Amino acid sequence: MNISFQKLKGDVSLHLAFCWKMTIRAKSPLTITDHLIPELFYDYFFIKEGNIECVDETGRTKYELPQQALKPIHTHPLVLIFSSPLVLYGARFFLTFAESFWADHPGANSFLAQTWVRQNTKDLQSFASQVIEHVRGRQTRRNPYPMLSPDLEESDWLVHYSPRHKRRLYKATFGLSRKELQGVRNIHAFLEQTCDFASQSPRIIQHVNPEVFYDQPHLNHTFKKMTGFSPVEYFEANSILQDNLMSASYNEISSR
């Protein structure tokens, strides 16, 4: 089996972190299971070749992804089943993309069928150019000022509103509450740390930030609910797409 992952720099003015292309080739057709955990990014998928089946155990649904679809924020894990040969393009957007999205709002915990690129797209550069052109021609400002900073802090404009009005703004913009967004952020605050889980008896407690999680049981419960794994199980699991996207995303966040 041959797997490749390519990445192309995005456009910060469009909230585009990067574009990417993943290919899976094998001598004979096969299926590969990939696990996606919640992240504070919006992902656009274009399945050029092959197909992907999505299993949402939390929502108890199973369906085939549209050839082109936007994945908004999820608060629970998903299982993607890739059928090879697979050629998959994608564009990853920062959370702030939701504040310029042209539809009513992208919602949450479901895929939104979209058509941004041509069927005959041949390479990553062409895909990225079409995505940029599509987004630039449609993006709109939902609010007079940004709601959040990259660190998820509320802007001076937002902080002065009443809690009730802020709840409406969060729901209308992100499809989620601030508490739900912060829950996803807390999981990644833990994952961004350098943890040695290769030892036979990893001590998770050494990596628990008391300002985020009360103790190890609190971390374990929250992590399991959101990812479907315990922390140790997660680091032992194999995930092709998730690992590549997270690695590239953390690099983009640090560069910002």
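The values are calculated or read from the model by the stated rules, or taken from the named source; none is laboratory data. On a predicted model such as this, the values are computed, not experimentally measured, just so you know. Cβ coordinates were reconstructed from backbone atoms using ideal geometry, including for glycine residues, and neighbour counts include every protein chain displayed.
Determine whether the range 20-39 contains at least one residue that is under 19 Å from residue 95 (Cβ atoms), without any contact (Cβ under 8 Å) to a residue 12 or more places away in the chain and part of a strand (DSSP E or B). No, there is no match, as no residue in the range 20-39 is under 19 Å from residue 95 (Cβ atoms), without any contact (Cβ under 8 Å) to a residue 12 or more places away in the chain and part of a strand (DSSP E or B).
Among the residues that make up the range 87-100, is at least one of them within 19 Å of residue 139 (Cβ to Cβ), in a loop (DSSP other than H, G, I, E, B) and among the acidic types (Asp, Glu)? Lay out the reasoning, then the answer.
Filtering the range 87-100 for residues within 19 Å of residue 139 (Cβ to Cβ) gives 90-100.
Then keep just the ones that are in a loop (DSSP other than H, G, I, E, B); that gives none.
Checking the range 87-100: not a single residue is within 19 Å of residue 139 (Cβ to Cβ), in a loop (DSSP other than H, G, I, E, B) and among the acidic types (Asp, Glu).
Residues are listed down the side, and each one gets a yes or a no for (1) within 16 Å of the chain's Cα centre (by Cα); (2) among the β-branched types (Val, Ile, Thr):
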{"position": "50", "(1), (2)": "no, no"}
{"position": "61", "(1), (2)": "no, yes"}
{"position": "85", "(1), (2)": "no, no"}
{"position": "89", "(1), (2)": "yes, no"}
{"position": "96", "(1), (2)": "yes, yes"}
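If only residues of the range 53-75 that are among the charged types (D, E, K, R) and not in a loop (DSSP other than H, G, I, E, B) are counted, the one that is surrounded by the most Cβ atoms within 10 Å (Cβ to Cβ) is 71.
Scanning the range 30-51 for residues that are farther than 20 Å from residue 77 by Cα and in contact with a Ser or Thr (Cβ under 6 Å, 6 or more places away or on another chain) yields 30, 50.
Of the residues making up the range 105-149, those that are touching a helix residue (DSSP H, G or I) at 6+ places or on another chain (Cβ under 9 Å), touching a residue at least 40 places away in the same chain (Cβ under 8 Å) and exposed (fewer than 12 other Cβ atoms within 10 Å of the Cβ) number 2.
Does any residue of the range 138-154 turn out to be of a type in the set (Lys, Arg) and closer than 18 Å to residue 70 by Cβ? Break it down into steps so the answer makes sense when it comes.
So in the range 138-154, the residues of a type in the set (Lys, Arg) come out as 138, 141-142.
Subset that is closer than 18 Å to residue 70 by Cβ: 138, 142.
Among the residues of the range 138-154, at least one is of a type in the set (Lys, Arg) and closer than 18 Å to residue 70 by Cβ, which makes the answer yes.
Residues in the range 230-245 that are out of contact with any Lys or Arg (no Cβ under 8 Å at 6 or more places or on another chain) and without any contact (Cβ under 8 Å) to a residue 12 or more places away in the chain were compared, and the one that is surrounded by the fewest Cβ atoms within 10 Å (Cβ to Cβ) is 238. Scanning the range 139-198 for residues that are within 15 Å of residue 40 (Cα to Cα), at pLDDT 90 or above and of a type in the set (Asp, Glu) gives 153, 180.
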